[in-house]
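The values are calculated or read from the model by the stated rules, or taken from the named source; none is laboratory data. Quick caveat, the model's predicted, so the values are computed rather than measured. When we count neighbours, we look across all protein chains shown, and the Cβ atoms used for this are built from the backbone with ideal geometry, even at glycine. Just so you know, the surface numbers come from the protein's heavy atoms only, side chains and all, with ligands and any DNA or RNA stripped out. Shrake-Rupley method; radii C 1.70, N 1.55, O 1.52, S 1.80 Å.
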Amino acid sequence: RQGPAAPLCPSPCQCEEDGIFVMVDCSEMGLSSVPTGLSPLTTYLDLSMNNISEIQPRAFHRLHLLSELRISGNQLRYISGQALQGLHNLKVLMLQNNQLERLPDDAPWDLPNLLSLRLDANLLSKVPAEAFRGVRSLRHLWLDDNSLTEIPVMALDSLPSLQAMTLALNQITHIPDYAFTNLSALVVLHLHNNHIKSMDSKCFEGLLSLETLDLNYNDLQEFPVAIRTLSKLQELGFHNNNIKAIPERAFVGNPQLQTIHFYENPIQFVGKSAFQFLPKLHTLSLNGATQIQEFPDLKGTTSLEILTLTRAGLSALPLDLCEQLPRLRVLELSYNQIEDLPSFYHCSALQEIGLQHNQIRRIESSTFQQLSSLRSLDLSWNMIEWIHPDAFSLLHSLIKLDLTENRLSSVPVAGLGGLTHLKLRGNTELYEAFSPDHFPHMRVIEMPYAYQCCVYGSCDSYKPASQWDTEQSSTNEDLHKRTVAMYPIHADTHYDPDLEEFQLEIEESKLQASVQCTPTPGPFRPCESLLGSWLV
Amino acid sequence: RQHKISGVSSGCQQGGCLTCSDYNGCLSCRPRLFMHLERIGMKQIGVCMTSCPPGFYGTRSPERNTCTKCRSECDSCFNRHFCTRCRAGFYLHLGKCQENCPEGHVRSDAQRECV
């Protein structure tokens, strides 16, 4: 950046030469008006963050080569057509963060090559019908964060080349039929954070190129059936609304859909065919739709990778679930009433399964067979009494298995050698103490009883394991030895506190590095199971 | 042509800060301004601006206004999926920056667009 002394540069601005052209930066200089004496070779002019409240007529009339004009962050209330006269080559006009209350109507701005117009963060309550008559080449329009109460339908009619527009953060309550009918090139439309309560069924007619539609944070009461005409739609958002049902064949007109965000809606009902024939959809999440009794028919929605359907009323799963969803990676079906499981055999890409809080009783050998990519399986809070010995045998990638709060008396360990996390708490009939040899990579294990953690050295972590294993007698002397091992402070006369302290730290670090087993044995939960069953 | 980041000054004297510290710059912005964390060496300085810097787009919401990075092939963009100007070597068509143009269009290096 050159200093202000350069001859072409009006004080106190900073100028930079770009070949024969000039880039002028007058931002944040406390200016109250547009500087005079700007070179006709100016291509970039930044007047942002000043105190300019008015633009004198013909202030830029010599700047025919100006390509970008920034007047954001000033106090402008109105800009007449004459103020912007002469800017034949202007492509970018930034007027955001001013106090604009209205736009010119009778003599609109004449900017034939304008591509981007920023009017966001102003005080516009409406847009006159003729406001955009002189900017027909416009492609990108920001009108967000204003006070519009309706879609400026007439004004938008003058913008056949518009490709991206935001009307977000206004007070629009309704979208009428044919609101955007001339915007055949529009690709992105943001309407989030308005008060849209209703939409006419033909309100999106004419939007032949629309790919992104954002209706989040509104007050929609009904599913926006008007989207049916949007054949190119790829991304649709209507989360944080007040929609209670998704009808049958809801997205029949939108085969290109890749993402649909509709969380934070009180959705109770979902048509069984609502999500059919969406071959590019990769994520579907439905939470709390209590009226869903049947698993949705996902025929033709073959690219789904993440399916979340929780807190509904499902009691069964289709047998051909995996044939319909061969690319499924995450299946989250917690908080339903599922009793029987199909074979997930064809879902070979599955990495995570969440089936917690259901009513499953048995796990067959075929249920999770061939799921060589499965890493996490949550079956907690069910009623599982029996698991086939081979149920987990081929789950080579499984590292987390949660069987908390079931009715198991035994657990097959075949195939579980890779586990790092195993949870069995709450299986009150399960007494077996699993040998650490079964789980060489184990880091966190939860058992029904404390004594089952003793095999992990939690009981006698101050004594060499081998010496501990070879002693078989059960006399008082052994009891004394174990007590000394557990509580070194009671050791006999040769006791060396420093050596003891040093040993304690080694064992502690060894313990933490190996396995965290809970519930941890202690004085009131000794390693020996008293009277054959643990009472105290 | 790299424009100066307009609508911004650094440190605590910035016009846009609502709260700030000399070390971290703006901690919050005046209403309707965008907060952007600018990296200067190892430090990150909070900067309040009327428009996000090149290579970022602004997202307004009732709580705050943030700057988010455009896709790598875009010099500037309207949102994450819609570019308004491409990086050298890419050509703009309907908001997408591609190395080649669709049928019926040719590459314009001056405008970096398919025309």
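Residues in the stretch A:177-189: is at least one of a type in the set (S, T, N, Q) and in contact with a strand residue (DSSP E or B) (Cβ under 8 Å, 6 or more places away or on another chain)?
Our first condition is that a residue be of a type in the set (S, T, N, Q); within the stretch A:177-189, this holds for A:181-182, A:184.
From the residues that got through so far, the ones that are in contact with a strand residue (DSSP E or B) (Cβ under 8 Å, 6 or more places away or on another chain) too are none.
Checking the stretch A:177-189: not a single residue is of a type in the set (S, T, N, Q) and in contact with a strand residue (DSSP E or B) (Cβ under 8 Å, 6 or more places away or on another chain).
Looking only at the stretch A:56-77, count every residue that is in a loop (DSSP other than H, G, I, E, B), under 25 Å from A:Asn146 (Cα atoms) and under 44 Å from the mean Cα position of the chain (by Cα) and tell me the total. Lay out the reasoning, then the answer.
Here is the first cut: in the stretch A:56-77, the residues in a loop (DSSP other than H, G, I, E, B) are A:56-67, A:71-77.
When the remaining residues are screened for being under 25 Å from A:Asn146 (Cα atoms), the result is A:56, A:71-77.
Restricting the remaining residues to those that are under 44 Å from the mean Cα position of the chain (by Cα) gives A:71-77.
So the answer is 7.
When you look at A:Ser209, is it modelled with pLDDT of 95 or more, open to solvent by 30 Å² or more (accessible area, probe 1.4 Å), within 12 Å of another protein chain (Cβ to nearest Cβ) and under 27 Å from B:Lys96 (Cβ atoms), yes or no? Lay out the reasoning, then the answer.
Numbers: modelled with pLDDT of 95 or more: yes; open to solvent by 30 Å² or more (accessible area, probe 1.4 Å): no; within 12 Å of another protein chain (Cβ to nearest Cβ): yes; under 27 Å from B:Lys96 (Cβ atoms): yes.
Against the criterion (modelled with pLDDT of 95 or more, open to solvent by 30 Å² or more (accessible area, probe 1.4 Å), within 12 Å of another protein chain (Cβ to nearest Cβ) and under 27 Å from B:Lys96 (Cβ atoms)), A:Ser209 does not qualify.
Tell me, please, whether a residue that is open to solvent by less than 50 Å² (accessible area, probe 1.4 Å), more than 14 Å from every other protein chain (Cβ to nearest Cβ) and over 24 Å from A:His282 (Cα atoms) can be found in the stretch A:181-196.
Yes, the conditions are met somewhere in the stretch A:181-196.
If you take the residues in the stretch A:304-326 that are over 19 Å from A:Leu377 (Cβ atoms) and either at pLDDT 95 or above or of a type in the set (S, T, N, Q) (or both), which one is most open to solvent (accessible area, probe 1.4 Å)? Explain how you work it out, then say what you get.
Step one: filter the stretch A:304-326 for residues over 19 Å from A:Leu377 (Cβ atoms), giving A:304, A:311-313, A:315-316, A:318-320, A:323-324, A:326.
Checking the rest, the ones that are also either at pLDDT 95 or above or of a type in the set (S, T, N, Q) (or both) come to A:304, A:315, A:324.
Working: A:Leu304: 0, A:Ser315: 59, A:Gln324: 37 Å².
Top of the filtered list is A:Ser315.
Given the conditions (1) within 9 Å of chain B (Cβ to nearest Cβ); (2) touching an Asp or Glu at 6+ places or on another chain (Cβ under 9 Å), which single one is not true for A:Val24?
Evaluating A:Val24 over (1) within 9 Å of chain B (Cβ to nearest Cβ); (2) touching an Asp or Glu at 6+ places or on another chain (Cβ under 9 Å) leaves (1) as the failure.
Could you list all residues from the stretch A:42-53 that are in a loop (DSSP other than H, G, I, E, B) and crowded, with 17+ Cβ neighbours inside 10 Å? Break it down into steps so the answer makes sense when it comes.
At the first step, the residues of the stretch A:42-53 found to be in a loop (DSSP other than H, G, I, E, B) are A:47-53.
Answer for the stretch A:42-53, where residues must be in a loop (DSSP other than H, G, I, E, B) and crowded, with 17+ Cβ neighbours inside 10 Å: A:Leu47, A:Ser48, A:Met49, A:Asn50, A:Ile52.
Check whether at least one residue in the stretch A:167-184 is under 26 Å from A:Phe277 (Cα atoms) and either under 25 Å from the mean Cα position of the chain (by Cα) or of a type in the set (Asp, Glu) (or both), and report yes or no.
From the stretch A:167-184, those under 26 Å from A:Phe277 (Cα atoms) are A:184; that's our starting set.
Add one more test, that the residue is either under 25 Å from the mean Cα position of the chain (by Cα) or of a type in the set (Asp, Glu) (or both), and what stays is none.
Taking every residue of the stretch A:167-184 in turn, none turns out to be under 26 Å from A:Phe277 (Cα atoms) and either under 25 Å from the mean Cα position of the chain (by Cα) or of a type in the set (Asp, Glu) (or both).
State which residue is farthest from the other protein chains (Cβ to nearest Cβ) when the search covers only the stretch A:155-173 and only residues that are open to solvent by 20 Å² or more (accessible area, probe 1.4 Å) and over 23 Å from A:Arg133 (Cβ atoms). Please lay out each step first, then the result.
Step one: filter the stretch A:155-173 for residues open to solvent by 20 Å² or more (accessible area, probe 1.4 Å), giving A:157, A:160-161, A:163, A:169, A:171, A:173.
Checking the rest, the ones that are also over 23 Å from A:Arg133 (Cβ atoms) come to A:169, A:171, A:173.
Details: A:Leu169: 5, A:Gln171: 12, A:Thr173: 17 Å.
Here the residue is A:Thr173.
State whether one or more residues within the stretch A:127-141 are outside any loop (DSSP other than H, G, I, E, B), closer than 30 Å to A:His282 by Cα, open to solvent by less than 30 Å² (accessible area, probe 1.4 Å) and in contact with a His (Cβ under 7 Å, 6 or more places away or on another chain). Steps first, answer last, please.
Within the stretch A:127-141, the subset outside any loop (DSSP other than H, G, I, E, B) is A:140-141.
Now narrow it down to the ones that are closer than 30 Å to A:His282 by Cα: A:140.
From what's left, open to solvent by less than 30 Å² (accessible area, probe 1.4 Å): A:140.
Filter again for in contact with a His (Cβ under 7 Å, 6 or more places away or on another chain), leaving none.
Checked against the condition, which is being outside any loop (DSSP other than H, G, I, E, B), closer than 30 Å to A:His282 by Cα, open to solvent by less than 30 Å² (accessible area, probe 1.4 Å) and in contact with a His (Cβ under 7 Å, 6 or more places away or on another chain), the stretch A:127-141 yields no hits at all.
Considering the stretch A:418-438 alone, what residues qualify as being hydrophobic (A, V, I, L, M, F, W, C) and at pLDDT 95 or above?
A:Leu419, A:Leu422, A:Leu424, A:Leu430
Is one or more of the residues making up the stretch A:20-27 open to solvent by 50 Å² or more (accessible area, probe 1.4 Å) and part of a strand (DSSP E or B)? Walk me through how you get there before you give the answer.
If we filter the stretch A:20-27 for residues that are open to solvent by 50 Å² or more (accessible area, probe 1.4 Å), which is where we start, we get A:20-21.
Keeping just the survivors that are part of a strand (DSSP E or B) gives A:21.
So far as the stretch A:20-27 goes, yes, one or more of its residues are open to solvent by 50 Å² or more (accessible area, probe 1.4 Å) and part of a strand (DSSP E or B).
Could you check the stretch A:393-422 and list, in sequence order, the residues that are in contact with a strand residue (DSSP E or B) (Cβ under 8 Å, 6 or more places away or on another chain) and within 12 Å of A:Ser376 (Cα to Cα)?
Result: A:Leu395, A:Leu398, A:Ile399, A:Lys400, A:Leu401, A:Asp402, A:Leu403, A:Leu416, A:Leu419, A:Thr420, A:His421, A:Leu422.
From the list A:Gln75, A:Gln99, A:Gln56, which one is open to solvent by less than 70 Å² (accessible area, probe 1.4 Å) and within 14 Å of another protein chain (Cβ to nearest Cβ)? Full working, then the answer.
Values: A:Gln75 fails: open to solvent by less than 70 Å² (accessible area, probe 1.4 Å); A:Gln56 fails: within 14 Å of another protein chain (Cβ to nearest Cβ).
Criteria check complete, one pass: A:Gln99.
If only one of A:Pro112, A:Pro108, A:Pro176 is away from chain B (no Cβ under 14 Å), surrounded by fewer than 23 Cβ atoms within 10 Å (Cβ to Cβ), over 19 Å from A:Pro224 (Cα atoms) and at pLDDT 95 or above, which one is it? It would help to see each step written out before you state the result.
Values: A:Pro108 fails: at pLDDT 95 or above; A:Pro176 fails: over 19 Å from A:Pro224 (Cα atoms).
Checking each option against the conditions leaves just A:Pro112.
Report yes if B:Ser61 is within 13 Å of another protein chain (Cβ to nearest Cβ) and either open to solvent by 20 Å² or more (accessible area, probe 1.4 Å) or at pLDDT 95 or above (or both), otherwise no.
yes
Quickly run through the stretch B:64-111 and pick out the residues that are within 13 Å of chain A (Cβ to nearest Cβ) and either of a type in the set (D, E, K, R) or open to solvent by 70 Å² or more (accessible area, probe 1.4 Å) (or both).
B:Arg64, B:Asp75, B:Arg80, B:His81, B:Arg85, B:Lys96, B:Ala110, B:Gln111
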